[in-house]
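This report refers to the structure that appears directly beneath it.
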Amino acid sequence: METHKQLSIGLFGFGVVGEGLYRVLQQTPSLKAEIKKVCIKNPEKKRNAPAELFTTHKEDLLFDENINVIVEVIDDANAAFEIITTALRNGKAVVSASKKMIAEHLPEILQLQQETGLPFLCESAACASIPVIRNLEEYYDNDLLHSIKAIVNGSTNFILTKMFEDKLDFSEALLLAQQLGFAESNPKLDVEGYDAVNKWSILLNHAYGIVQHPSNILFSGIQNIQLSDAIVAKEKQFEIKLVAQAKKLQDGKVAAFVLPQFVKHDDHLAFVKNEYNGVVIESGFADKQFFYGKGAGSFPTASAVLSDLSALRYNYRYEYKKLYHHTPHELHYDFHVKAYISFNDWKNVPKDKFEWIEEWHAGEERNYIIGVIHVKELYQKNWWKENGTSLILAPDPIIENVDIIKLKKRSLELAGIV
C-alpha cells in the first residue's frame, strides 16, 4: 500500500465541528483528503456548502465502496455507535469525536478493532486541540506514568473563569458559554461533569490500560459551586477548577476521579482559563510535562480530527500498549481524600463519616468544613451532591491508608496519648 493514502471521507454531522472540518480541509489541499458525502438529519437547514454534498441516508456513506474513511461528529451516542460498527465491518477506517459513545462502548470498540484490524482514532474526543491520546499511547510507558491530572472540559472552565474573574453568576456564565458555542447542546452534560468523566474514561484506557464504564468513576460537576466558595478559595489563595485526576498508588492500583478542586496559584492548571484545557503528566524520570490548548470550539476540535486523518494516510492505529502489552492497571476504591464541603444545614452532612475534621466555619447563610473522608462514602452516598451541598477537593487530595495510620499515630503522640 502506498505511503500517502488518498482519503475519501464520509462525514456524519455538519454542526460546529463538522462544518469546521469542512472549512479546514478546504485550506489543506496537501492532505489529499476530500469529503465525498455528508449525512445530516435536517435537510431543510441552510448550510454553507454545495447542496449535492448532503444526504439524509446513512447508507449512501456506509456502503459506498469509494469512501474509505468515516468521520463521525454527531451528538447522538447510540446512532454514533451504530455508524462506527457498520463502518468498521465494511472495511472503513473511523475517526470519531463522540466521547459519550466511546466511553460507554469501549469494550465493544476495542473488540471491533481487533476483529477488523482497522484504525479507530479519536483524538478529538479527549481534549480537542491537545494531542494527549497519542502522547499517552506513544510516549509514556506504563511503569513510568505516576499521575495525570487535567482540565478536560472547556465549558465548565469558561464558566468558572467568568464567575470568579468577571463576577457573573452561574446562569449568566452558562448562557455566555452556550452563545459562544463552548457548551454542549444539553448543558447538563458539561455542568454536572458527564462530559468530563466520559473523556476521563477514554484517557484512563490510553494512560493505564483501564477499561471502565464512566459510571464506575467518582465524579461531579460544578453545579453546586457558590460565590461563597470562591471567596473562601481567594482567602486561601486558591483557584477552583473541575479537575480530572489519576494517580498510581503504592500498591500499583490507580485512584481516579473527576471533581471540583482547589488549585494552588503556582499549579500549572491555575493558568488554564476560559475554554482552554490543560493536562499535567508526571512520569518517572521526566518530572512534569504540561500540555495546554483550546478544548472547545469549531476549529480546535476540527484540528484534532484533521490530525487523525493525517495519521490515517500512514495507516496509523492505536496499539493500546498498556492494555495488550502490559498488565493493565486496576481502579482503586480504597483511599481517603481531603475535601472542603460547604452547605446550608448541618443535618445534611454526616460528620461522623469523616476520619477527622481540620477546620469548620459556621456563617449566617453558609457553613463549611474541611476534613478527611473515605472515597467509598462518596461512591455509595450522594449527600455531597444534594441540597445545594458543594464538595471541593484540597490541592493534594489523595491520602493513602498507610498515611492515615501514620497521621493518626502522630496526632495521638502530639496529644500525649501514646
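Counting only Cβ charges, +1 for Lys and Arg and -1 for Asp and Glu, the dipole size of region 217-269 around its Cα centre is about 160 debye. Hull volume per residue, based on the alpha-carbon atoms of region 211-312 and their convex hull, is 174 Å³. Placing one equal scatterer on every Cα of region 7-127 and applying the Debye formula, the log10 ratio I(q)/I(0) at q = 0.09, 0.16 Å⁻¹ is -0.22, -0.73.
Peptide packing for 351-358, 334-341 was compared via the average number of neighbouring C-beta atoms within 10 Å per residue; ordered from the highest value, the list is 334-341, 351-358.
Model label sites at TYR139 and LEU31, defined 7 Å from Cα along the beta-carbon direction, differ in position by 2.2 nm.
Expressed to the nearest 5 percent, the antiparallel share of DSSP beta bridges inside the chain is 70 percent. Just add up the charged neighbours of TYR333: K/R +1, D/E -1, any other residue whose Cβ is under 15 Å from the Cβ of TYR333. Summing Lys and Arg as +1 and Asp and Glu as -1 gives 0. With a cut-off of 13 Å between beta carbons, the residues surrounding GLU358 carry a summed charge of +1, where Lys and Arg count +1 and Asp and Glu -1. Separation of region 202-234 from region 1-39 is 33 Å, based on Cα centroids. When shorter helices are ignored and each DSSP H run of at least 4 residues is given -39500 (n - 2.57), the per-residue value for the chain at 222 nm works out to -10000 deg cm²/dmol. Take every Cα pair under 8 Å whose residues are at least 6 apart in sequence, average their separation, divide by the length of the chain, and the relative contact order is 17 percent. Could you calculate the FRET efficiency of ILE231 with GLN380 from 1/(1 + (r/R0)^6), where r is the beta carbon distance between them and R0 is 22 Å, rounded to 0.05? My answer for the efficiency is 0.10.
As a proxy for reagent exposure, ASP141, ASP60 were ordered by neighbouring Cβ count within 10 angstrom, fewest first; the result is ASP141, ASP60. Ranked from largest, the principal axis spans of the Cα set of the chain equal 79, 47, 34 Å. How would you classify region 260-341 from its alpha-carbon gyration tensor, with a ≥ b ≥ c the square roots of the eigenvalues: rounded for a/c under 1.5, else prolate if a/b is greater than b/c, otherwise oblate? Note, shape of region 260-341 comes out oblate. Relative contact order of region 139-295: 34 percent, from C-alpha pairs under 8 Å at least 6 residues apart in sequence. Helix 154-165 axis versus longest C-alpha principal axis of the chain: approximately 40°, rounded to the nearest ten. Remark: region 139-295 is approximated by an ellipsoid whose semi-axes, taken from the C-alpha gyration tensor as √(5λ), come to 27, 17, 14 Å, largest first. For region 60-126, applying the loop criterion from DSSP together with a ceiling of 16 other beta carbons within 10 Å to the GluC sites (Glu not before Pro) yields GLU65. Distance from the Cα centroid of region 347-406 to that of region 84-122 is 40 Å (rounded to whole angstrom). Exceedance of the 32 Å cut-off in Cα-Cα distance is limited, within the set LYS58/LYS253; LYS92/LYS294; LYS234/LYS288; LYS41/LYS247, to LYS58/LYS253; LYS41/LYS247.
A short reminder: the numbers here are calculations on the coordinates, not readings from a lab. Here the structure is a predicted model, which means the values were calculated and not measured. Glycine also receives a Cβ, built like all others from the backbone with ideal geometry; neighbour counts cover every protein chain displayed.
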